[in-house]
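Novice: Attaching a single structure in structure tokens format; questions to follow.
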Amino acid sequence: MKTFIKGLGQVALLFLFARFMNLIVEVLHINIPGSILGIIVIFALLHFKIIKLEWIEIGALWLLAELLLFFVPSAVGIMNYGDILAEFGTSIILVVLISTFVVMVSTGVLTQLIAKRKERKKTCSSDA
């Protein structure tokens, strides 16, 4: 129960942070979505150890686990555009499939590069 309450608090904190980033974007007229700016800022705060991972980890993992739920409204909203889907549906599906493939391949390649780099660092530090 304690973990649930802690996770709920972290989700609330992340939500407030996201709303704050949206406000910053609106006030400063930045051409970057608030969610992207928020990810960059959270990454920087974690990287420079201004905030600790433990402060948001449970909530972030919970949101990631439920990520599919966030796509349901947009998937249902697509039904309002049946005429566009009838005309361009094949093209849209093709673009989605190709872009998904590109993202998966690039993510896999990047992950492999990072893993190899970490492995090289680990073997170099153990040799010294």
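The values are calculated or read from the model by the stated rules, or taken from the named source; none is laboratory data. None of the values given here were measured: they were computed from a predicted structure. Here the Cβ is made from the backbone with ideal geometry for all residues, glycine too, and neighbour counts use every protein chain on show. Ligands, DNA and RNA are excluded from the accessible area calculation, which covers all protein heavy atoms including side chains. Shrake-Rupley method; radii C 1.70, N 1.55, O 1.52, S 1.80 Å.
Novice: Once neighbouring chains are kept in place and the probe is 1.4 Å, which whole percent of the accessible area of the chain is contributed by carbon and sulfur?
Specialist: Carbon and sulfur atoms account for 74 percent of the accessible area of the chain.
Novice: Now for a separate question. Considering only Cα-Cα distances, which of the following residue pairs are longer than 28 Å: K6/K122; K6/K116; K49/K121; K2/K122?
Specialist: Exceeds cut-off: K6/K122; K6/K116; K2/K122.
Novice: Amide H to amide H, which residues 5 or more places from I30 or on other chains are under 5 Å from it, using H placed in the peptide plane?
Specialist: none
Novice: Might you report the magnitude of the Cβ-based charge dipole of the range 8-128 about its Cα centre, with Lys and Arg at +1 and Asp and Glu at -1, to the nearest 20 debye?
Specialist: On the way: 9 positive and 8 negative charges, 151 e Å.
Approximately 720 debye in magnitude.
Novice: Per residue Cα convex hull volume for the chain, in cubic angstrom?
Specialist: 184 Å³
Novice: Give me the accessible area per residue for the chain, probe 1.4 Å, as a whole number in Å².
Specialist: Spelled out: the 1.4 Å probe surface of the chain, per residue, equals 85 Å².
Novice: Given H placed 1.01 Å from N in the peptide plane, which residues other than close sequence neighbours of I51 have an amide H under 5 Å from its amide H?
Specialist: Result for I51 returns L46.
Novice: If I stretch the segment between K116 and M1 completely, what's the gain in nm (0.36 nm per residue apart, minus their alpha carbon distance), one decimal?
Specialist: Stretched out fully, the K116 to M1 stretch lengthens by 37.5 nm.
Novice: If we sort 75-83, 88-96 on the protection proxy, mean other Cβ atoms within 10 Å, highest first, what's the order?
Specialist: Output ranking for 75-83, 88-96: 88-96, 75-83.
Novice: Still on this structure, please answer the following. Go through 21-33, 109-121 and give me the packing order, highest mean Cβ count within 10 Å leading.
Specialist: Numbers: 21-33: 12.1, 109-121: 10.0.
Averaged packing, sorted descending, gives the order 21-33, 109-121.
Novice: What is the list of residues in the range 1-28 whose amide nitrogen lies under 20 Å from a point 7 angstrom out from the Cα of E54, following Cα to Cβ?
Specialist: 1-14
Novice: Estimate the FRET efficiency between F20 and L68 by the formula 1/(1 + (r/R0)^6), using the beta-carbon distance for r and 25 Å for R0, to the nearest 0.05.
Specialist: It comes out at approximately 0.45.
Novice: Next question. Taking only Cα atoms and a 10 Å spring cutoff, compute GNM fluctuations for the chain and point out the largest among S106, S74, S35.
Specialist: S106
Novice: Further, regarding this structure: Based solely on its DSSP helices, what 222 nm [θ] is calculated for the chain when runs of n ≥ 4 H residues each add -39,500 (n - 2.57) and the sum is averaged over all residues, nearest 500 deg cm²/dmol? Spell out each step's value before the answer.
Specialist: Working: 6 runs with 106 residues, N = 128.
Helix-only estimate at 222 nm: -28000 deg cm²/dmol.
Novice: Follow-up question, since we're still on this one. Based on DSSP H assignment, which helices of the chain show an axial Cα extent of at least 15 Å together with a mean Kyte-Doolittle hydropathy greater than or equal to 1.6?
Specialist: Long hydrophobic helices here: 34-47.
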